[in-house]
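Visitor: What follows is a single structure, and I will ask about it in a moment.
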Amino acid sequence: MNDRLRLVLLSFVMLFVELALIRWTGSNVLYLSYFSNFVLLGSFLGIGIGFLRARKPHDLFPFAPVALAALIAFIRFFPVDVTRTGNDLIFFGGLQTHGPPRELVLAVIFLAVAAAMAFIGEGVGRQFVKFEPLEAYFLDLVGSVLGIVAFSVLSFLRTPPLAWGIVAAVALAVLAWPRLSWVQVVPLVLVVAVLGVESFQSGTSWSPYYKITAKKNSIGTLSIDVNGVPHQAHIQAKDNPLYNAVYQRVPRLPLNRVLIIGAGGGNDVSAALAHGAKYVDAVEIDPRLYDLGKSHHPDHPYQNPRVHIHIDDGRAYLSRTHNKYDLIILALPDSITLVAGQSSLRLESYLFTKEALASARDHLKPGGAFTMYNYYRQAWLRDRFANTLQQVYKHQPCVDQIGPETAGALTVLVASRDPQTISCDTTWHPSGSIAKPATDDHPFPYLRSNTLPGFYLSTILLILLASLVLVRGVSGPLRPMTNYADLFFMGAAFLLLETKNVVQFALLFGTTWFVNALVFAGVLLSVLVAVIVSRRVRFKNPSRLYAVLLASLIVAWLVPQHALLDLALVPRFLAAIVIAFFPIFTANLVFTQRFRDVGEAGTAFGANLLGSMVGGLIEYSALVIGYRALLWVVAVLYGLAFLFGRKYLRPSSGSAPAATAAGVAAPVGS
């Protein structure tokens, strides 16, 4: 295998394994679904260490299969239930959990992922330094694109982890050839075997979001767990008084057209049909949960010709449809996963913002009603949603509580454009201080206040301390990296910029896995365009690129999100591309102009990756300041890159040789 093809394949493996670990660890470690960016951060740390070791005499890459097998075996055979404590941040899931503290578990998994990715990263780093910096980046970009495409295709096909393991194992075996030995073969066989056993467990299937386990319950229907957490059960409408409460509140409402967001296995759809709904639009984001409902729900609601299914994100559906409804139901849409591995946004976060509930109101017919219900766990969360409805509908919502408070009672909230529509026994009154409504800029409905929870802070400090010790202990003195401090800050800034775009596109086009894949592909294409430019042009005064970058960030900050949401789909898409990807393009021009002349490509790239890890930790500041303000943090970080890299920004003349190759300015795995 020639050197160029080898670097492409190595980069493919690195990104593919990273994406697979984010999906797989979240499906096997309770609540890691809510902290999947810790896997991303561990990957950045490990890859960065691997690059810093690229010129060490002893090559550790041949042991990458051993490290990967050890990680998978640890998680698979030593499952962890993480203790849930505190009331300021709610995790929907099992009500009885046990195990070691979250901080310890997340730190251990972070270090285990970092160790596994360090071995793979070292293989990439050793190949990386054989080329001129920009050529190495170009080859890395090709491999990264292939990795994203491959994993996206497997997600589309809903393949189980066995397929992911086979792809990774075959690629690692090819890279080890012709020196393939038992050191690689045995752990690779173990990886495939462990994932194969899991993939073929009875009742287990995989969607693009979850590991789904379905089994018969005591009443003869299906109970469904996702990522190890009880999530749904199929119940006949006649045996399901919980979901019928809303219809008692709107007895005179004609149900000519009903919208159900979070249709799931079909319970809410079945209840709507039982109460005479003539036309039901059922929106469900997970295709596998819909399939199970269609084939196993005892009432067979999805076979009814009055029901029309939409596999889509609920907020995205509201932004695209022009239909008006008599009743809109937000039906227990709590997910057990994050939108992407590098943000704190959950699949349903944008359904509970003040702007989302206003959008639902605008889709009601005159006199139409809106209802949302769930087991809200805490009184403050119920009060937050009730207060949001009051602000949107200008009247206190009707509230029904079914079951004792201590058991996590089901709470039903009903509001209407015409309060006379509702036959209400009890209106909402706050039980204490009211948490402000979640907004599109701060879409964290389960976070009581705009603060950084204590366990986040303690875990971040542990990660920073462990990272410092590992980088110093494994890679030696930190002094060589100080020459690339500007690249470190560029890595931190770029990770935040990328995260901001993932979150913005989730709002504009839906929190689906497909939208996320398109965003990541768009980021890489923006990088590729910047690389092509840098192959042909050497900017005489690269400092001016910083001015253009700052201007693009200001424009992105000035354009409010609601202005884009008000646009039709095509102009919204075009505007979002320009606003989101022009800063990325400019940032990568800054990076490539600097990186092309570095003396130690491996060390420089390692510094950039470690900066990306720090950027991932800074992303948690969005819990306090919101996502829009992250643009100012990005501007500050690029300002620091400018200050530390001033000596490399002296005006030059001439252009780059036409034959000079170029490469990705984005951190590997971003």
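The rows are residues; the columns are (1) of a type in the set (Ser, Thr, Tyr); (2) outside any loop (DSSP other than H, G, I, E, B).
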position: Gly368; (1), (2): no, yes
position: Val414; (1), (2): no, yes
position: Asp425; (1), (2): no, no
position: Ser431; (1), (2): yes, no
position: Ala435; (1), (2): no, no
position: Pro443; (1), (2): no, no
position: Ser458; (1), (2): yes, yes
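Visitor: Can I ask one more? Is there a residue being aliphatic (A, V, I, L, M), surrounded by 19 or more Cβ atoms within 10 Å (Cβ to Cβ), touching a helix residue (DSSP H, G or I) at 6+ places or on another chain (Cβ under 9 Å) and assigned to a loop (DSSP other than H, G, I, E, B) anywhere in the range 201-215?
Guide: The answer is no; no qualifying residue exists.
Visitor: Still on this structure, I have one more. Using the structure shown, decide if Phe488 is in the same structural domain as Tyr627 (by TED's automatic domain parsing), at pLDDT below 90 and of a type in the set (A, V, I, L, M, F, W, C).
Guide: Working: in the same structural domain as Tyr627 (by TED's automatic domain parsing): yes; at pLDDT below 90: no; of a type in the set (A, V, I, L, M, F, W, C): yes.
Considered against the rule, which asks whether it is in the same structural domain as Tyr627 (by TED's automatic domain parsing), at pLDDT below 90 and of a type in the set (A, V, I, L, M, F, W, C), Phe488 comes out as no.
Visitor: With Ala136, Ala116, Ala173 as the choices, which residue is over 30 Å from Asp597 (Cβ atoms), touching a helix residue (DSSP H, G or I) at 6+ places or on another chain (Cβ under 8 Å) and surrounded by 19 or more Cβ atoms within 10 Å (Cβ to Cβ)?
Guide: Going through Ala136, Ala116, Ala173 in turn, the sole match is Ala116.
Visitor: On the basis of being part of a helix (DSSP H, G or I), assigned by TED's automatic domain parsing to the domain that holds Thr159 and farther than 30 Å from Ala517 by Cα, does Val186 make the cut? Working first, answer last.
Guide: Numbers: part of a helix (DSSP H, G or I): yes; assigned by TED's automatic domain parsing to the domain that holds Thr159: yes; farther than 30 Å from Ala517 by Cα: yes.
Yes, satisfied.
Visitor: OK, next. Specify the residue that is nearest to Phe38 (Cα to Cα); the eligible residues are those in the range 302-316 that are modelled with pLDDT of 95 or more and out of contact with any Phe, Trp or Tyr (no Cβ under 9 Å at 6 or more places or on another chain).
Guide: Checking each candidate, the answer is Gln303.
Visitor: Still on this structure: Of everything in the range 220-249, what is touching a helix residue (DSSP H, G or I) at 6+ places or on another chain (Cβ under 7 Å) and aliphatic (A, V, I, L, M)? Give them in sequence order.
Guide: Residues satisfying the conditions are Leu222, Ile224, Ile235, Ala237.
Visitor: Taking Phe494 as the residue in question, decide whether it is surrounded by 24 or more Cβ atoms within 10 Å (Cβ to Cβ), within 25 Å of Leu60 (Cα to Cα) and either assigned by TED's automatic domain parsing to the domain that holds Gln561 or out of contact with any helix residue (DSSP H, G or I) (no Cβ under 7 Å at 6 or more places or on another chain) (or both).
Guide: No; evaluated as a whole, the condition is false for this residue.
Visitor: A follow-up question, please. Please enumerate the residues belonging to the range 219-240 that are in contact with a strand residue (DSSP E or B) (Cβ under 8 Å, 6 or more places away or on another chain) and without any contact (Cβ under 8 Å) to a residue 60 or more places away in the chain. Write out each step before concluding.
Guide: Looking only at the range 219-240, we keep the residues that are in contact with a strand residue (DSSP E or B) (Cβ under 8 Å, 6 or more places away or on another chain), and these are 221-228, 230-234.
Within the range 219-240, Ser223, Asp225, Gln232, Ala233 meet the criteria.
Visitor: Filter the range 459-494 down to the residues that are under 22 Å from the mean Cα position of the chain (by Cα) and among the hydroxyl-bearing types (Ser, Thr, Tyr) and list them by number.
Guide: Across the range 459-494, the qualifying residue is only Thr459.
Visitor: Please specify each residue of the range 551-604 satisfying the condition of being surrounded by fewer than 17 Cβ atoms within 10 Å (Cβ to Cβ) and over 27 Å from Phe509 (Cβ atoms).
Guide: Passing the criteria: Asp597, Gly599.
Visitor: Looking at the range 515-561, which of the residues that are without any contact (Cβ under 8 Å) to a residue 40 or more places away in the chain and not in a helix (DSSP H, G or I) is nearest to Ile311 (Cα to Cα)?
Guide: Pro560
Visitor: How about the range 285-302: which of its residues are surrounded by fewer than 24 Cβ atoms within 10 Å (Cβ to Cβ) and over 29 Å from the mean Cα position of the chain (by Cα)?
Guide: Residues satisfying the conditions are Ser295, His296, His297, Pro298, Asp299, His300, Tyr302.
Visitor: Also, quick follow-up: Residues that are charged (D, E, K, R) and either closer than 30 Å to Ile460 by Cβ or at pLDDT 85 or above (or both): find the helices (runs of 4 or more DSSP H) completely inside the range 563-670 holding 1 or more of those. Working first, answer last.
Guide: Values: elements: 569-595, 601-618, 622-625, 630-644.
Counting at least 1 such residues, we get 569-595.
Visitor: Now a separate question. Can you work out which of the residues in the range 52-66 that are at pLDDT 90 or above and buried (at least 21 other Cβ atoms within 10 Å of the Cβ) is nearest to Gly606 (Cα to Cα)?
Guide: Filtering the range 52-66 for residues that are at pLDDT 90 or above and buried (at least 21 other Cβ atoms within 10 Å of the Cβ), the one nearest to Gly606 (Cα to Cα) comes out as Phe61.
Visitor: Continuing with this model, one more query. Go through (1) in contact with a Phe, Trp or Tyr (Cβ under 7 Å, 6 or more places away or on another chain); (2) at pLDDT 95 or above and name the single condition Asp281 misses.
Guide: It fails just one condition, (1).
Visitor: Do you know which residues across the range 216-256 are polar (S, T, N, Q) and in a loop (DSSP other than H, G, I, E, B)? Talk me through it step by step, then tell me what you get.
Guide: First, the residues of the range 216-256 that are polar (S, T, N, Q): 217-218, 221, 223, 227, 232, 236, 240, 244, 248, 256.
Once the filter is applied, which keeps residues that are polar (S, T, N, Q) and in a loop (DSSP other than H, G, I, E, B), the range 216-256 yields Asn217, Ser218, Thr221, Asn227, Gln236, Asn240, Asn256.
Visitor: Using the structure shown, decide if Leu508 is under 24 Å from Glu600 (Cα atoms) and buried (at least 16 other Cβ atoms within 10 Å of the Cβ).
Guide: So Leu508 fails the test.
Visitor: Here are the criteria: (1) at positive phi; (2) at pLDDT below 85. Tell me which single one Gly510 does not satisfy.
Guide: (2)
The values are calculated or read from the model by the stated rules, or taken from the named source; none is laboratory data. Small disclaimer: the values here were computed from a predicted structure and weren't measured. Reconstructed Cβ throughout: ideal geometry from the backbone, glycine too, with neighbour counts over all protein chains shown.
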